[in-house]
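Have a look at the structure below before the remarks.
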Amino acid sequence: MARRQFIFDSAKMACGVGMLGLGLGLYAKQSKALPALALRPPGALPENDFLGACIRCGLCVRDCPYNTLELAKPETPVATGTPYFTARNIPCEMCEDIPCIKACPTGALDHSLTDINQSKMGVAVLIDHETCLNFLGLRCDVCYRVCPVIDKAITLELVPNPRTGRHAMFLPTVHSADCTGCGKCEKSCVLDEAAIRVLPPKLAKGELGKHYRLGWEEQKKAGHSLIDESKMLDLPDRLPEGASLPGHYDPASGQTAPLRGMPGSEAGVMPSLPPGLGDKP
Amino acid sequence: MSGKRIGAEAVVEKGWLRAHRWLILRRISQLGILGLFLLGPLAGIWVVKGNLNYSFTLDLLPLTDPYVALQSVLTGHLPEKLGLIGLGIALVFYLLIGGRVYCSWVCPVNMVTDAAGWLRDRLGIKGSTHLSRKTRYWILGMTLLGSALTGVVLWELINPVSMLHRGLIFGLGAAWTVVLAVFLFDLFVMSRGWCGHLCPVGAFYSLLGRWSPLRVSAPARAACNDCMDCFEVCPEPQVIRPRTAFQQPGFDGVGGAG
């Protein structure tokens, strides 16, 4: 009888505590879903590993000179006690000596990261083309100017402004290989809601199929074209009637359609009158 | 009424201060440690950084909570050098001095549950939900197994001990609700429920200090008059068998004796 009772008592414990464990386990699963705008400190392991390695001590928070980091409170949708920052509040200032990593007593922040420019806290994405002032044709450029990796992580790409037909648009363009995800662009975006945001790379990046090869890259690697270009056929392009592709070479006519507003495009004439005030050229 | 209160005889005989000297020393220790942690964020004097999970004192002394570290190790991650040194220091300290000294002299939740216990006594709340004191060891086992399975330092997701301590230093947020829940649970649901029955942190430290040489002893055992006050005041009375069982293994160090 004593053995029976022992087994029942053990079963009671195992099942009761097991239920608690199940709840905790599912909660743990949930806690791995880091909100898109919560960024981990530089060198943070992928979220799956981070939640096991981080012991929630807050030393990184203490040694951050800019008060960028904070520890998640129980009601925050980030695992309780773990460090994160919100770029729109205080971005990472990218200290060269990375004090947050040095302070970390565990491997949660990768101690082998010594060059802050190699950190990957996220990837900036110019997420709203409808409100970005540069997309509207203005020269805001703020995100580009504040970028600590200026001209590498963010460049301004010139494209003609088809709305006015006489201006260029300077489109801020993020290059993920160089973007550290510090969030200074998001912080300084002048809009009420930032049009550029730092997102986890998983959300921000597409991925080519493994079998894809970029012809122009392969050509560079090989030093010559991989195919016999003399045998290449360029067929006449079929366009809807009346349509034209500015700047496009059409082998059928041997002509390049005029492209206004782009440097180096000498075809076409700049309009002498603003649009709407006379005949469009 | 006051004549019936626990320890009334001791207060009369020794005076209030001497009768409460262990309680007073424990509170000084608990509040002092908390005060040292708060000195940095409140006054800008950085004696110690971090919290009870890991702290760095005077840029010299690292201390790592062995229970949190163990959960982290079970997820497959080893601490860095300072973390390991801190772990070693804490392990040796509590192995020698008795694990649950942590509960009675360091843990901030002890003040919460002691308050609940005191109020329970004052309000004369009788009756308590029965739950085996072994439950905490099962929960301890569950959190260790669960950490290994989920890859998350599991108990830290809800640990009221670190929530309260971290909250007081880094910002409390809604952590007060968890602490209040522990208080109310101890007050109305289960006498000494949290520390004595559920908390896996205490369970871990209890196992850690199992063979510690430091024990409460009763050198003048012959003078015992069976007043049973020690039994009444102790949050873990199972470790005291009046007059016969002092210094038994399982008597986890210097507990809540007032």
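Annotations for the structure displayed:
- The residues on offer are B:G173, B:G98, B:G167, and the sole one that is crowded, with 23+ Cβ neighbours inside 10 Å, within 30 Å of A:S31 (Cα to Cα) and either of a type outside the set (V, I, T) or more than 8 Å from chain A (Cβ to nearest Cβ) (or both) is B:G167.
- Look at (1) more than 25 Å from B:V92 (Cβ to Cβ); (2) crowded, with 18+ Cβ neighbours inside 10 Å; (3) in contact with a strand residue (DSSP E or B) (Cβ under 8 Å, 6 or more places away or on another chain) and you find that B:G40 fails only one, number (2).
- The set of residues in region A:114-131 that are assigned to a loop (DSSP other than H, G, I, E, B) and in contact with a helix residue (DSSP H, G or I) (Cβ under 7 Å, 6 or more places away or on another chain) comprises A:K120, A:G122.
- Every pair of residues 6+ apart whose Cβ atoms lie under 9 Å, when the first sits in region A:16-38 and is under 30 Å from A:V125 (Cβ atoms) while the second is of a type in the set (V, I, T) and assigned to a helix (DSSP H, G or I): A:A28/B:T150; A:K29/B:T150; A:K32/B:T150
- Candidate set from region B:47-77 (those that are of a type in the set (A, V, I, L, M) and within 7 Å of chain A (Cβ to nearest Cβ)); member that is farthest from B:L34 (Cα to Cα): B:A69
- Residue match in region A:102-113 (condition: assigned to a loop (DSSP other than H, G, I, E, B), of a type in the set (S, T, Y) and closer than 30 Å to B:L70 by Cβ): yes
- Which listed residue is under 22 Å from A:P83 (Cα atoms), within 17 Å of the chain's Cα centre (by Cα) and modelled with pLDDT of 90 or more, from B:V152, B:V179: B:V179
- For region A:18-48, the set of residues classified as more than 7 Å from every other protein chain (Cβ to nearest Cβ), closer than 23 Å to A:S112 by Cα and in a helix (DSSP H, G or I) consists of A:E47 only.
- Any chance B:G151 is surrounded by fewer than 16 Cβ atoms within 10 Å (Cβ to Cβ), in contact with an Asp or Glu (Cβ under 8 Å, 6 or more places away or on another chain) and at the interface with chain A (Cβ under 10 Å from one of its Cβ atoms): no
- Matching option when the condition is in contact with a helix residue (DSSP H, G or I) (Cβ under 8 Å, 6 or more places away or on another chain) and under 19 Å from B:L164 (Cβ atoms), among A:T76, A:T80: A:T80
- Scanning region A:138-192 for residues that are in a helix (DSSP H, G or I) and among the charged types (D, E, K, R), we see that the one that is surrounded by the most Cβ atoms within 10 Å (Cβ to Cβ) is A:E186.
- Qualifying residue in region B:127-138 (condition: in contact with a helix residue (DSSP H, G or I) (Cβ under 6 Å, 6 or more places away or on another chain) and at the interface with chain A (Cβ under 7 Å from one of its Cβ atoms)): yes
- For region A:62-92, the set of residues classified as at the interface with another protein chain (Cβ under 7 Å from one of its Cβ atoms) and either outside any loop (DSSP other than H, G, I, E, B) or aromatic (F, W, Y) (or both) consists of A:R62, A:L71, listed by residue number.
- Qualifying residue in region B:156-163 (condition: modelled with pLDDT of 90 or more, facing chain A (nearest Cβ under 8 Å) and within 16 Å of the chain's Cα centre (by Cα)): yes
The values are calculated or read from the model by the stated rules, or taken from the named source; none is laboratory data. What you see is a predicted model, and the numbers here were worked out from it, not measured in a lab. Ideal geometry is used to build each Cβ from the backbone, glycine not excepted, and the neighbour counts take in all protein chains shown.
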